[in-house]
Structure formats: C-alpha cells, structure tokens
1. When region 192-237 is examined, which residues are found to be within 16 Å of ligand 1 (Cβ to nearest atom) and either farther than 21 Å from ARG271 by Cβ or free of Cβ contacts under 8 Å to residues at least 60 places away in the same chain (or both)?
2. I'd like to verify a number: residues in region 312-345 that are in contact (Cβ under 8 Å) with a residue 60 or more places away in the chain and surrounded by fewer than 15 Cβ atoms within 10 Å (Cβ to Cβ), how many?
3. State the number of residues belonging to region 121-173 that are touching a strand residue (DSSP E or B) at 6+ places or on another chain (Cβ under 7 Å), β-branched (Val, Ile, Thr) and farther than 28 Å from ALA83 by Cα.
4. Having 1 or more residues that are more than 26 Å from LEU293 (Cα to Cα) and not hydroxyl-bearing (Ser, Thr, Tyr) is the bar; report the strands (runs of 3 or more DSSP E) wholly within region 200-262 that clear it.
5. Among the residues of region 145-159 satisfying the criterion of being buried (at least 20 other Cβ atoms within 10 Å of the Cβ) and without any contact (Cβ under 8 Å) to a residue 40 or more places away in the chain, which is farthest from ligand 2 (Cβ to nearest atom)?
6. For region 15-35, which positions are out of contact with any Phe, Trp or Tyr (no Cβ under 7 Å at 6 or more places or on another chain), assigned to a strand (DSSP E or B) and of a type in the set (A, V, I, L, M)?
7. On the given criteria, is ILE304 of a type outside the set (Asp, Glu) and in contact with a Cys (Cβ under 8 Å, 6 or more places away or on another chain)?
8. Which residue out of GLU84, GLU100, GLU140, GLU127 is touching a His at 6+ places or on another chain (Cβ under 9 Å), on the phi < 0 side of the Ramachandran plot and not aliphatic (A, V, I, L, M)?
Amino acid sequence: MTFDKLPIGSTVGIIGGGQLGKMMAQSAQRMGFKVIVLDPDEACPCQHVAHDFINAPYDDTDALKQLGERADVVTYEFENISAEQLKALAASYNVPQGYEAITLLQDRLVEKQTLEAAGASIVPYLELKDAQSLDQAVEEIGYPFMVKTRFGGYDGKGQILVQSSDDLDEAKALVEEQDCVAEQYLDLYKEVSLTVTIGNNDQIVYFPLQENEHRNQILFKTIVPSRVDHTENAREQVNKIAQHVHFVGTFTVEFFIDKENQLHVNEIAPRPHNSGHYSIEACDYSQFDTHILAVTGQKLPENIELLKPAVMMNLLGRDLDLLEDEFGDHPEWHVHIYGKTMRKPDRKMGHLTQLTDDVDQTEQTLLKAFEGREKY
Ligand code: ADP
Ligand code: MG
C-alpha cells in the first residue's frame, strides 16, 4: 500500500499517552515532527512531551475528530480503542494503519481465528460462551488451561490458570462476567518475540528475535539476540500473518516455545511493544523510529542493525522502590522513567537497558540487583 509522505514539521496525532505514546512522540520530535496526543488522564506520561494535548476519553467522537483535524496523520499506542471509532476516523482523516488490524486483534477469539486462517501455529483453544462450556474445555483441552477474557487484557489481567477442578468456580465467575476463551497451558521452554515494521509500499523490516522472561505474567526481562535461534521460523510465521492482516507501522508477535522446542504464536500487539524497548539504545533505529517513519510515509531502513547485544529489565513500582537510589552507581544502565504519577508494585514505571558483549554475565549481574523485588 502507498500512502502520504509527510514533510518535516507535520503533526503526528497519537491516541493514547502512556509510555509507548511518549517514546513514539520522542522519536517523532527528533525527526522534526510535532506531536499531539489524546488521553483521558491529564497527568499521563505523554502530557509532558507532546506539543499539544487533548484531554478526553478514547471514545469521545468529537475529541477524536479534533485530533484528526489538527494532526496530519493519526496513529495509536494501544489496541483497546473502539474499532468503530477508528473506522470512522480513517474515513475522514489520514490513518495509514486503518482499522482492520485493531478489529482483528483486540478480541482474543477473533485473533485466534485469524491466526488459524493465516496458517500460523497456535495452541489449542475453545470459545467459552457460558459456564457450561468450561466442562467442554476440561474435556477437549484438559488441565491445565488458561481462561482469558476476549477483550481488554494486558500484563496477565483477565486471566486465570485452571489447574484442576478446584479452580473451576473462579473460572466460572469470570466467564459469567465476561466473554472468554480457554487455551491450553503450555509447559514453556522459552518465550520469544519478533518486532516488525511495515512501511510505505509494503516495505518490511525485522528487529532481531527477542528472548523474553515473564514473571507473574508481566514482562520481566528481554535479552537480544535471543539465545534460542528461531529467527527463520518466527519470520515465516509473521509473513503468513501479515498476508492475512493489513499491518502498517510497528507490531510484535509473541511466541511460546514448548519443551519440544516447537514455536507457537501466543498473541500479536499491533503497536510498539515492551519487548522492543532495548532497540532504543541497542539498534541503529528503534521500534518507535521505524513506526514513525512508517506512518509518516518515509522510507524504512533496509535492515535493522543490532549495534550491541542487550539486556532490558522492566522497572515496576516494586523495582523502582528497590533500585532508584542506585541508579547513580550504574552508568551502564540506560534508565527510562515514564513519568507516571501513581506508583504501584506491579505497574510499569520504567525500564533499563544494558548493552553488553556478554549477555549471560550481564543477565546474572542484573538478576542480583533485582533480587530484593520479591520481598515486597
Ligand atoms: P497479555 O495480553 O497479558 O500479555 P498473554 O496471553 O501474552 O497476555 O499472557 C501473559 C503471559 O502469561 C505470557 O507471556 C506467558 O508468560 C503466560 N501465559 C499466558 N498464556 C499461557 C499459556 N497458554 N501457556 C503458558 N504460559 C502462558
Ligand atoms: Mg502478551
């Protein structure tokens, strides 16, 4: 697909002003674009870096229209915006990402059906229409399985691990409250993710495969390049998916690797992703740079070069409490603090990236520094 190439000085409109919007804004500004952000939280991280700010709910039609009027291109930092509203916006304004990817990926059930249709490898799942269908999940998938809400989940929110019949009541309560899917729980060997950007004229560029560790279902650390090499396989899966879903800009595919070393697609984030943050320091272009280049219609780099291997650690509230007084002793840590006003133990407050020639050693040193976190 071909779309407008915007001149320097144009305005990028971003729906959502969290850390992803902030880092997008910073890339855009470095390239000479202005930034206007829409977010319901007047103290959101982006508020401090955007040229202009619309303080309104994401589904405020007038506010979205205002964003469309004032920006030369509109993008988004997260997927839980109304597909209907985005469709309406795309009909009148420049929204190169369109609304299709959001429509397909914000619903876990439709996402899984799309992945299946694309021929990607996924784990067995079942739509949970009602509490009775949990019995069907027990029969067809078997214990252990995950129950996940179809809409709005992130960082493990809206998910229950069902290990035995003891957990069924809790799962039933969730299913009665919200539309859900059941999914086989895998005994994981590793998790990896692949961040990709698609730009003007379908130009595609891949970041190096990222090796991820989650704790309590929240990303804990990312190591690049991944020490399990599934790059070819992961790219193959991404290419299959990209033929079924019209992507523009940066997106990330998360994968599970099972104990048989088989790769399965977990989910897709149609936006820059936490596991791609290392690219700010470790690559010649960050995932935010390529996203802005894509949506403003510029040429993408032919390849992304990993300048140095990296370990990225998230800084949740609990980690910040533990480590903030030590930042001065660690010039090797590239620390990013997002500027959220309310600190919570499990809230992503920032991250740090360390570039290294020895990821194993650096991983060990960083793990030691983060050791006190579980005592919270
Ligand atoms: P979110 O939208 O919250 O990122 P995910 O489905 O990616 O939701 O789940 C978060 C994390 O929880 C995963 O990265 C993984 O570590 C764990 N997890 C989720 N589903 C499964 C599963 N079916 N098998 C094993 N681990 C899982
Ligand atoms: Mg995930």
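1. Of region 192-237, the ones within 16 Å of ligand 1 (Cβ to nearest atom) are 192-195, 209-223, 226, 228, 230, 234, 237.
Once the filter is applied, which keeps residues that are within 16 Å of ligand 1 (Cβ to nearest atom) and either farther than 21 Å from ARG271 by Cβ or free of Cβ contacts under 8 Å to residues at least 60 places away in the same chain (or both), region 192-237 yields LEU209, GLU211, GLU213, HIS214, ARG215, ASN216, ILE223, SER226, VAL228, HIS230, ALA234.
2. So the count comes out to 1.
3. Adding up the residues that qualify gives 2.
4. Numbers: elements: 204-206, 210-215, 218-224, 249-258.
Result: 210-215, 218-224, 249-258.
5. VAL147
6. Selection gives VAL35 alone.
7. Values: of a type outside the set (Asp, Glu): yes; in contact with a Cys (Cβ under 8 Å, 6 or more places away or on another chain): yes.
Against the criterion (of a type outside the set (Asp, Glu) and in contact with a Cys (Cβ under 8 Å, 6 or more places away or on another chain)), ILE304 qualifies.
8. Step by step, each of GLU84, GLU100, GLU140, GLU127 is checked, and only GLU100 is touching a His at 6+ places or on another chain (Cβ under 9 Å), on the phi < 0 side of the Ramachandran plot and not aliphatic (A, V, I, L, M).
The values are calculated or read from the model by the stated rules, or taken from the named source; none is laboratory data. Fair warning: this is a prediction, and the values are worked out from it, not measured in the lab. Reconstructed Cβ throughout: ideal geometry from the backbone, glycine too, with neighbour counts over all protein chains shown.
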